[in-house]
Structure formats: structure tokens, C-alpha cells
1. Please list the non-local residues whose amide H lies under 5 Å from the amide H of Ile168, H modeled 1.01 Å from N, same-chain partners needing a gap of 5 or more.
2. Which whole-number percent is the relative contact order of the chain (Cα, under 8 Å, 6+ apart)?
3. What part of the accessible area of the chain, given as a whole %, is carbon or sulfur when the probe is 1.4 angstrom?
4. Tell me which of Phe69, Asn50, Leu19 sits at the most positive position along the dipole axis of segment 17-85, charges placed on C-beta atoms (Lys, Arg +1; Asp, Glu -1).
5. Considering all alpha-carbon pairs of segment 144-184, what whole percent are spaced by more than 14 angstrom?
6. When you count, for each residue, the other Cβ atoms within 10 Å and take the mean per peptide, how do 216-227, 64-75, 82-93 rank with the highest first?
7. Among Ser140, Ile93, Ile121, which residue has its Cα furthest toward the positive end of the charge dipole of segment 84-153, with +1 on Lys/Arg Cβ and -1 on Asp/Glu Cβ?
8. Stokes-Einstein D for the chain at 10 °C, 1.306 mPa s, Kirkwood Rh over Cα pairs, in µm²/s?
Amino acid sequence: MWIIVIILYLIVYGIIPTLFYRIWNRKQKKNRIEKEIENIYLTFDDGVDNKYTIEVLKVLKSYQVQATFFVVAEFAKNNPKIIKSIKEDGHAIGLHSLQHKNEIFQAPWNIKKDFTKSMDILKELGIKPKFFRPPWGHFSLAAIKEIKKLDLKIVLWNVIVGDWKANIESTTIADRLLRETEKGDIICLHDGRGKNDAPKRTVEALKIVLPIWKSQGITFGTLEELYE
């Protein structure tokens, strides 16, 4: 009996909201196609990483590409100098939770604490985030309530290539990006966490794809530009 109650609770609390926003995200892509948006939008999750975020920033700067970083608040707190570099380079910063916990399995009061602490940390770093992306793209009813209260814009992705995986090669990441990306797409990559130094291969993949995209006349933007 209790198992059935728990399953029903998780379905209503987390699974249905997650499915709703996945469907909503597809409609957002259709809207960008109809508007004939030319840019592609690079986004990076799971940082700030004291090694690989710096490497990502170097590559982006060398090709004069701007992006959006969805930071884990506690990682950001531990790396204020890198946050300063992200801002100085003209990139946008969004929130990716406090500790990268799955929202479906957090109680409402913990969700509230998560957002409160995250926003306090980012405020101390001089950041007023406009965008939110939940870990793994999973939502809960409690999280949606906090997102609306804080007036955050939910942003998911259209292209995700598994760059966080332990054994994926940088050439595979690059091939998937080149094959799957279209104008108007929001790409989700990772500058932190991952297995077996995964962000290192993301950096190597960027060194492959960015000059190719540039040679094709592809332009890039931040989410702030997209949603202005």
C-alpha cells in the first residue's frame, strides 16, 4: 500500500512536471525555428570547476564566442575569481541548483532552502540570475513554485551529446555536435563534474567544432540575448 502511495506521489510531484516541461521545451524550439533565429546558444552545466571552467573560458575567448554558464551555487562560492572571469568575458550566468541534487527526490522544504541559499550565494558574488536549469532536467512542483516566485526563466536544451560520460571520446562529442546542431539550438555541455575527467574531452571537442562552425558563418549568443 505504502509503495503505491509513494509511486503516485512521485508521479504527481516530479514526473508529470518534468514531462510537461520537456513538451514545453519542444514548442520553444519550434518558436525559434519560426522566428528564423540564426544564433546557436552554447550552455555549460555543473561548474564552476577550478580547472576545466578556466579551460573552457580560454577556448571561448580564443574564438570570440559567448555562452551561458549554469553554475552550481556552492561550486561558484568556492571559485569567486572564476565567476569574475566569466562575467568579465561577457558570458551570462544562470542557476543550476545549490548542490546538484535531483529535485524529484527532495522534500518541498529542502527545495525552498536550496533556492534561498543559492540566490544568497549568487547575490554575494554580484550575480542576479535570470535563468534556471534543474539538474538532469528534472522538475518538482515545489521547485516550480520557487522558480515562479523568484521570476526565473526555465531553460532546458535541444542538443545534448553525453559529454559527461566516462568513456566518450572528444571526437565523438565533436561529431555529434556537428551532426545534431541547427540554427536556434540551445546546446548543453558540461564544464564540471562528469566521470574520468570528462570536461577535459569537452574542451578538446570545442577546439574541433568552434573553428568549423566559425568557418560556416555560424554565430553565437547568450541566453540573455535570446530572451531579451
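The values are calculated or read from the model by the stated rules, or taken from the named source; none is laboratory data. What you are looking at is a predicted structure, and each value in this text was computed from that prediction instead of being measured. In this analysis, Cβ positions are derived from the backbone assuming ideal geometry, glycine residues included, and neighbour counts consider all displayed protein chains. Heads up: the accessible areas ignore ligands, DNA and RNA and are worked out on the full protein's heavy atoms, side chains in. Shrake-Rupley method; radii C 1.70, N 1.55, O 1.52, S 1.80 Å.
1. Placed amide hydrogens put nothing under 5 Å from Ile168.
2. 30 percent
3. Of the solvent-accessible surface of the chain, carbon and sulfur hold 54 percent.
4. The one lying farthest along the dipole's positive direction is Leu19.
5. Tail of the P(r) past 14 Å holds 60 percent of the pairs.
6. Numbers: 216-227: 15.5, 64-75: 22.7, 82-93: 18.8.
Ranking the peptides 216-227, 64-75, 82-93 by packing returns 64-75, 82-93, 216-227.
7. Final value for the positive-end residue is Ser140.
8. 88 µm²/s
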